[in-house]
Every structure is written in structure tokens, then in C-alpha cells.
1. Can you find, among 256, 177, 508, the residue sitting farthest towards the positive end of the charge dipole of the chain, where Lys and Arg contribute +1 and Asp and Glu -1 at Cβ?
2. Given labels modelled 7 Å from the Cα in the Cβ direction, how far is it in nm from residue 210 to residue 148?
3. Assign one of three labels to the range 312-465, namely rounded, prolate or oblate, based on the Cα gyration tensor with a ≥ b ≥ c the square roots of its eigenvalues; rounded applies when a/c is under 1.5, prolate when it is not and a/b is larger than b/c, and oblate otherwise.
4. Can you classify the range 69-123 as rounded, prolate or oblate using the Cα gyration tensor, where a ≥ b ≥ c are the square roots of its eigenvalues, rounded means a/c under 1.5, and otherwise it's prolate if a/b beats b/c and oblate if not?
5. Let's test the formula: R0 of 25 Å, r as the Cβ-Cβ distance of residue 245 and residue 55. What FRET efficiency results, to the nearest 0.05?
6. So which aspartates and glutamates can residue 58 reach, going by Cα to Cα under 19 Å and dropping same-chain residues fewer than 8 places off?
7. If you count only protein heavy atoms with a 1.4 Å probe, what accessible area per residue comes out for the chain, rounded to a whole Å²?
8. Largest first, how would 144, 20 line up by accessible area (1.4 Å probe)?
Amino acid sequence: MLMYILSHSATVMDYIFITIALFVASYWFATHIYRKYSNLPPTIFPSIPIIGHLYLIKNPLCRTLAKISAKHGPILLLRFGSRKVLLVSTPSLSEECFTKNDVIFANRPRLLYGKILGSNYTNLCTASYGDHWRKLRRIANAEIFSSFRLNELHEVRADEGRLLIRKLATECSSPVNMKKTFHEMTLNVMMRMIFGKRYYCSKMKEEGKKFQEISKETFLVGDASNLGDHLPFLNWFGVRGVEKRMIALQKKRNAFFQGVIEEYRKGKDEEVKNKKHKTMMEVLLELQENEPKYYTDDLIKTFLLNLLSTGTDTSSGTMEWAFALLLNHPHVLKKAQNEIDNHVGKERFVDESDMGNLPYLRCIVNETLRLYPAGPVLVPHESSEECVVGGYHIPQGTMLLVNQWAMHHDPDLWSDPESFQPERFEGIEGARDGFRFMPFGFGRRCCPGEGLATRIMGLTVGLLIQCFDWERPGEEMVDMTEGRGITLPKAQPLIAKYKPRQMMLNLISQA
Ligand code: HEM
């Protein structure tokens, strides 16, 4: 009918326009009817054929997704290319995902990063939920992150803390790059706990340089998005730049860490021989003796590399944000310094065991994790079977993104959410407040490194506040723009001015 009417007066362009309009309308109608009858969560129109909703995605991902949820609702079923994506952004929906549906969502989506850098999805972070993952997680909880093991390695962290104080005290004539400082300190802590050796120090030559290159490339590759993850057809056309970089990096990492294991077996390294504690690698090599077929060198390397990559940027980035916030809020810094002076004093350094008496310091770390969570949309999960969330049907194989950044910034959940107020965490034990604040995730796949991370961050931030006075290099406030990257890094490295506190000079000289 419409065509008949138009045939008398319409131009070719009108026909094209009407055909497109009819196509879009029938597509919209079909998807809405399909959704209504299959009870799927709401979606956003349009979902463009082939790319789906990828056209909406910009960096930082958590901010873009928060805007989308604010406009279209707290539960949405999107499409990233060929992948179904469930986006949730309220505490009650998160609770549903991680309590009654926790086992169903305990899988991880198969992304290129896990295939190559996770050794074909065999590391703790990328493995599917099943016997292998359960075994790795049991080892992590019992052998690596148990209170006993963390206490055994306490001296490593305390020693690195003192070395940091000594280094800063000798370099205080010029401002310091806090990003670099926290990154090196965290890597040294992790490497000493894992392998018994520091890699960032003046003595390190070739080996140290190689390791630094690997860490830098791991960070850059982790940050690079791979469209082939969602648009598999791109891989057929050879759009494989990121993949090639990952393969090259994985080769380098394997060779480097195999070398470390072999050197360790020869037992020649003085630094490793002289250490007093059992390293994480030793724990795994002991397990290898009893079960060599399971605990292969490859499994040990993959396991330890995973701890190194998940544990370093998260903890060091959070400390950098904490200091950026403190420099912009000197009264908070002063209050934390007073707390430390009152409970620890000037005769000894802050220690991890003091944290119970330093609630304000813990509030500062929590408030930093609220404003700048290192896992802003957690790590993606995937449903292994159909389930129901928010009353909607969720198909099997749906990737789950829980936007905790959106919840942390929601004015319905926090008063004046953009302001830095550590006091809002007073009276809250640990790093969790229901489902509105869970920076380490919740349920089976929550972060196993929480205890270690809170120890490293509390100790390091505490020591720096205790020993030095800090200020911004100039009048202007620290720029708090977020950069690209899965751990929500600060765009510009934080530069700070500092000087040793008069009352601490004696103690600092003994560091
Ligand atoms: C500020 C520091 C840290 C933060 C904010 C953080 C946060 C997180 C988050 C949000 C997840 C994902 C939870 C989920 O999928 O639902 C996670 C997973 C994980 N984290 Fe952390 N993390 C931190 C430090 C560490 C450290 C120090 C380690 C180890 C040395 C570590 C090891 C891991 C591992 C292995 C996983 C994957 C667990 C699995 O899939 O079973 N993290 N972390």
C-alpha cells in the first residue's frame, strides 16, 4: 500500500529511506517481541548488526557503563559483538549474582588475555570453574595467602618498608614520582615473597632490566583492548596485533621465570640462599615433589606469574590514588599523622600489627578503594547455565559485568559520593560494606589476595605518613583524571614534594 502510494511521487532516495526505516522498525519490533516473550532484561536500541553495543563503549569503561545504567536502568542485557553481556549496577542485583547464582556465574569468559597470558585458561584468574580451578584456589588459600604464610613473610614487607624510607630520605631534595615508587616497592615485595629476591635495586644489572621490560610490557598489553574477543571474525582477517604482542611477551615471561626456577634449583644465588623465610615458589616446588605430574614447572610459572600480575598494579595504583587524595586534603593527612603519633610514636616504625589501632588509616584506604576501585567492574564472570536475575531470564554463556564503580558513586547509596570523606567508613571492620562496597569482589571468585593487599597498603601508606611531611609540588590541586586500563590507573603519574619530619629524624637514620 505504502509502496503503491509512493510509486506515484517518490524519488529513489525516498525508496531507500523507507526501506531502511521499515528494516529498522521490523528489527526493533522483532527484538522487543522476542525479549518480551523470552523475559530477557531490557536492552538499548539500537544494537547494530555484527558489533552490537560496542559502539557505545569508551574509556574509562566503568564511567561509560555507569552513564548507560543511569539512563537505561540498573539491569541491562547488551551485546558486545557476538557476546551477550549482562550489566548490573545495584547492590541487590549484585547480591543475587553472587549468592544464589554464585556457582552459575563462577566461570570466566574466554578472552584472548586468558588464552595466551593465562596459559590457555589454566591460571587462577582465567580458569573455568571446575576441579582444576578448585585445586588452585585451595593451594592459594591454604599455602600462599593463609594467615600463617602471610605472617611468615611479614619480615619481607617490613624490610621493604624500611628500605623505602631510607631511599626517600636520601632523595628528599627533589620531588618524587609516587607511581614509580609504589610500583617498584610492590614489585620488590611480591618478587621477594614469591622468589626470595628483589629485582629493583642498584645492584641489579641485565636480569633487573629484563624484568623491568617484562613488567612494563605486561602492563601495556593488559591495557590494550582486543576487539577480536567480541568480534571473532576479525581474527580471520588477521587483525592480530595484540595477539602477536601477547605471544611474544608470554615467550619472554616463560623464559625469564624458567631461568629463575632453574637458578633456584642450582641453589647458587647468595641472596636467595640467605633469606630466612620460605618463598611461595618453594611451597609449590615442595608440592611438586609429591605430585610431579600435576605441579609441572609450567603450572608453577603460570600460577606465580598470575599472582604477580594481579597483585602489583592493583595495590600500587591504590596507594598512588590514596596519596593523590591526601595531597588534595591535607587535613585528612594531618589527622592520620596524629593517629599514628598517638598510637605508635617516634621510637619505632609503624608495623602491620598496629593496623587494629589505626582505624582512621584503614578508613583512608577504604575511601580510596570506594572512589578508585582497582577492579571497577570486577573481573568479568560468565554464566555456565540459565538463571534468573532481577526476575529476568539470563541465558547460558552470558558475560556478567558488575559495575561496582557505579555503586560507589551512587548518590542514593552514599551521601555526597564524589567527596573524599574517610569518616564514612568509621565503625566498619574490613574492606566490605554489604554489597554497596566490595572492592575485592564477593563469592567464590572474590580476590584471594585481599589480606596481602591490605597489609601492604596499610603498612606502606602508614610508614610514609609517619616519617615524612607531604605536599603538592605547586598551588594547583592534583589532577585526578583516570587513565586507560583495567585497574583504573591515574592518568598522570603523581609527583609529590616531601621532607623528613623533624621528630622522626633519629628513627629514619636507623632505617
Ligand atoms: C588493592 C588491591 C586489590 C584489589 C582492589 C583487588 C581486587 C580484585 C577483584 C575485584 C577481583 C575479581 C573478583 C571477581 O571476579 O568477582 C580480584 C581477583 C583476583 N585477585 Fe585481586 N585485588 C587486589 C590485590 C590482589 C593481590 C595482592 C593479589 C595476589 C597477590 C590478587 C590476586 C587476585 C587473583 C588471583 C584473582 C582471581 C581470583 C579467581 O578468579 O579465582 N589481588 N581481585
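1. 256
2. Taking the two extended label points, one gets 3.5 nm.
3. Details: a/c = 2.67, a/b = 2.00, b/c = 1.33.
Prolate.
4. Values: a/c = 3.03, a/b = 1.55, b/c = 1.96.
It is oblate, given that a/c is not under 1.5 and a/b is not larger than b/c.
5. Values: r = 25 Å, r/R0 = 1.00.
Calculated value: 0.50.
6. Within reach: 223, 229, 482.
7. Values: 24140 Å² over 511 residues.
Here the residues of the chain average 47 Å² of exposed surface.
8. On the way: 144 0, 20 100 Å².
Largest accessible area first, the list is 20, 144.
The values are calculated or read from the model by the stated rules, or taken from the named source; none is laboratory data. Since the structure is predicted, the reported quantities are computational estimates derived from the model, not experimental observations. Virtual Cβ from ideal backbone geometry, glycine too; neighbours counted across all protein chains shown. To get the accessible areas, we keep the full protein, side chains included, count just its heavy atoms, and leave off ligands, DNA and RNA. Shrake-Rupley method; radii C 1.70, N 1.55, O 1.52, S 1.80 Å.
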